[in-house]
Amino acid sequence: MKVITTIKEIKEEIVKQKGLGKSIGFVPTMGFLHEGHLTLIKEARQENDIVVISIFVNPLQFGPTEDYAEYPRDFKRDQALAESEQVDYLFYPSVEEMYPNDLSVRVTVQERTDVLCGKSRPGHFDGVATVITKLFNIVMPDRAYFGKKDAQQVAVIDGLISDFNFPVELIAVDIVREQDGLAKSSRNVNLLPEERIQAAVLYKSLVVAKEAIDQGEQSPSRLMELISGMITSESNGKIDYVEIFSYPRLKPLEKIEGSIIIALAVKFTKVRLIDNFIIQLD
């Protein structure tokens, strides 16, 4: 595995590999890798000749109340994990390398961001779309891998690829979970011990909602009430949202039909957790 820190060098390597007819699979990350990231890398390894991952904590997607400096970082550990998964190139640029000057152009996301996490994080997905646009242009991947845990991000990237005609295939990979169902996340380490136990109710509530749909429930409001009631009664977490929308367009629904997402976000003492089920109905 080769660690590269400059845009010039990674582009040179990619051009060389593409000249040899190699396919490029790309996994963009902010580091502090966990099993969810490794699952993306494994999928990319199976489907491409060359696997590139990036580790870049992107300041553009942090809001004024979010502490960019506190985001967990451990590059040596990440490097070892990437190497163990047979990554070919690890792109590890500095902020100065990615943004040497104030940007004269930024991507503004017009749809799919006024709900879910986007509602409470204005500008977040503009920052995501801007950095992904840069990374797609730098790495020039054939396929890009994102986890369904950040389902709104997947929806935004889907729109970005479609609207800007990127020659990139979006691969959305299933959520990796702990034994009790909690979605794996680098933020889980910030849960207090009792909160870690309580957090299992997030997945449990989604399972109960899915079972209700299977039994014929078609009311989004009743399903959201069911989920909210379980989380409130079985944890001390504060619900940020419980929502049901069409997917990936994230439009409101009058009844449960088509492709939908059931999504939630819950705030604990030091961490905000998200989870979702994406369900395709006949």
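Bear in mind these aren't lab numbers, they're just calculated from the coordinates by the rules spelled out. In this text the structure is predicted, and so the values were computed from the model without any measurement. In this analysis, Cβ positions are derived from the backbone assuming ideal geometry, glycine residues included, and neighbour counts consider all displayed protein chains.
Using the 10 angstrom Cβ neighbour count as an exposure proxy, how do D158, D114 rank, fewest first?
D114, D158
Computed over the Cα atoms, what is the radius of gyration of region 186-276 divided by 2.2 N^0.38 Å, N being its residue count?
In units of the 2.2 N^0.38 Å rule of thumb, it is 1.10.
Take the alpha-carbon positions of region 123-282, form their convex hull, and give its projected area averaged over all directions (one quarter of the hull surface) in nm².
About 10.3 nm², averaged over all directions.
Viscosity 0.890 mPa s, temperature 25 °C: give me the Stokes-Einstein translational D for region 201-248 in µm²/s, with Rh taken as the Kirkwood radius over C-alpha pairs.
In µm²/s, the coefficient is 220.
Pairs of alpha-carbon atoms within less than 8 angstrom and 6+ residues apart define the contacts here; what relative contact order does region 186-276 have, in percent?
It rounds to 31 percent for region 186-276.
Going by a ≥ b ≥ c, the root eigenvalues of the Cα gyration tensor, does region 2-173 fall in the rounded group (a/c under 1.5), the prolate group (a/b larger than b/c) or the oblate group?
rounded
Under unit Cβ charges (Lys, Arg +1; Asp, Glu -1), what dipole magnitude, rounded to 20 debye, does region 1-134 have relative to its Cα centre?
In total the dipole reaches around 280 debye.
Quick one: helix 75-84 against the long Cα principal axis of the chain, what's the angle to the nearest 10°, folded into 0 to 90?
90
Can you tell me the relative contact order of region 152-233? Whole percent, Cα pairs under 8 Å, sequence separation 6 or more.
After rounding, I find 19 percent.
Using a Förster distance of 30 Å, how high is the FRET efficiency between E211 and Q46, based on the Cβ-Cβ distance and rounded to 0.05?
0.40
Specify the inter-centroid distance of region 200-232 and region 77-150, based on alpha-carbon positions, in whole Å.
Taking the Cα centre of each part, region 200-232 and region 77-150 sit 32 Å apart.
With only Lys, Arg, Asp and Glu charged, each at its Cβ (+1 for the first two, -1 for the last two), find how big the charge dipole of the chain is about the Cα centre; round to the nearest 20 debye.
The calculation lands at about 300 debye.
With the crude spin-label approximation of a point 7 Å out along Cα→Cβ, what separation in nm comes out for K251 versus K18?
The two pseudo-label positions are separated by 3.5 nm.
Return the FRET efficiency for the residue pair K238, L281: r is the Cβ-Cβ distance, R0 is 30 Å, and the value is rounded to the nearest 0.05.
0.50
Let me spell out the model: positive unit charges on the Cβ of Lys and Arg, negative unit charges on the Cβ of Asp and Glu, origin at the Cα centre of region 186-276. What dipole size does that give, in debye rounded to 20?
Once rounded to the nearest 20, the dipole reads 380 debye.
Fewest first, what order do V52, V57 take by the number of other Cβ atoms within 10 Å?
Fewest-to-most Cβ neighbours within 10 Å comes out as V57, V52.
For region 236-282 and region 20-69, compute the distance between their C-alpha centroids and round to whole Å.
About 24 Å separates the Cα centre of region 236-282 from the one of region 20-69.
Which of these, S186, S54, S219, has the largest mean-square fluctuation under a Gaussian network model of the chain (Cα springs below 10 Å)?
Between S186, S54, S219, it is S219 that shows the largest mean-square fluctuation.
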